[in-house]
Amino acid sequence: MCSAGDTLGPGLQPNADTRQKQLAAWCSLALSYCRHRKLYTVDVLEAQESPMFNNKKIERKLSVEAIQIVFEELRKKGNLEWMDKNKTRCLIMWRRPEEWGKLMYQWVSKNGMVNTVFTLYELSNGDDTESEEFHGLEEWMLLRALQALQAEGKAEIITMDDGKGVKFF
C-alpha cells in the first residue's frame, strides 16, 4: 500500500483541509496562467514542463498525478473537459461559455449591432473585435458561447455559404 504522499505525488498536501486550500490555489494559478497565455487546450506533460507547474529556479515541479488532480478539480468546477480517456489532454475554460457569450452580447449591444449577422470568423478574428477579450477565441469555445446565447434566446447559430454564422437578437 502506498502512503498518502506517494498517491498524491510531490507537491500536494496529505492533510485534507490544507490540501483543499492548496488545490484552490493551484486551480486559480492554472486558470490565470492559461488566461494570460490565451491557452484553450493543454497537454498534461507539456503543462508539467511549463512555468505553470515547474519552478526552474528552485528545481521543483508538480508530478503528473498531482497535475491531473488539479485538472480534475477544475473539471468538477466546470472549467475543464478531458479530451481523452487517459486524461492527457484537456480543453481549459478560464471563462465558461456563458461568460464568453455575455461578453459578446455586451459588445453587440454596445455597438448597436443587435439583429446583425456575423460569420464566426468576423466575430472572433475580425478587425472590429480586435480590442475585445473574445478576439482570437478558439472555434470550439466560440460555438459553445453562442450556443449558450442561443439557449437564452439572444442569438441563433446559422449555416452560411462560407461556414457558420450567428445572428444576435
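The values are calculated or read from the model by the stated rules, or taken from the named source; none is laboratory data. A quick note: this is a predicted structure, and the numbers were derived from the prediction, not measured. So basically every Cβ, Gly included, is an ideal-geometry build from the backbone, and we count neighbours across all protein chains shown. Remember, those area values only see protein heavy atoms, side chains included, never the ligands or the DNA or RNA. Shrake-Rupley method; radii C 1.70, N 1.55, O 1.52, S 1.80 Å.
Here are a few things to note about the model shown:
- Filtered residue count, the stretch 53-64, keeping only those that are closer than 18 Å to D43 by Cβ and either without any contact (Cβ under 8 Å) to a residue 12 or more places away in the chain or of a type outside the set (S, T, Y) (or both): 5
- A residue that is open to solvent by 80 Å² or more (accessible area, probe 1.4 Å) and either assigned by the TED database to the domain that holds V42 or among the acidic types (D, E) (or both) can be found somewhere in the stretch 118-125.
- Test set (1) open to solvent by less than 80 Å² (accessible area, probe 1.4 Å); (2) more than 23 Å from E138 (Cβ to Cβ); (3) touching a residue at least 12 places away in the same chain (Cβ under 8 Å) - S32 fails condition number: (2)
- Residue within the stretch 65-84 that is open to solvent by less than 30 Å² (accessible area, probe 1.4 Å), assigned to a helix (DSSP H, G or I) and either without any contact (Cβ under 8 Å) to a residue 40 or more places away in the chain or in contact with a Phe, Trp or Tyr (Cβ under 7 Å, 6 or more places away or on another chain) (or both) present: yes
- For the condition open to solvent by 80 Å² or more (accessible area, probe 1.4 Å), out of contact with any Pro (no Cβ under 6 Å at 6 or more places or on another chain), over 19 Å from T41 (Cβ atoms) and among the aliphatic types (A, V, I, L, M), A155 does not qualify.
- Taking the numbered list (1) within 16 Å of the chain's Cα centre (by Cα); (2) at pLDDT 95 or above in turn, L149 passes all entries but (1).
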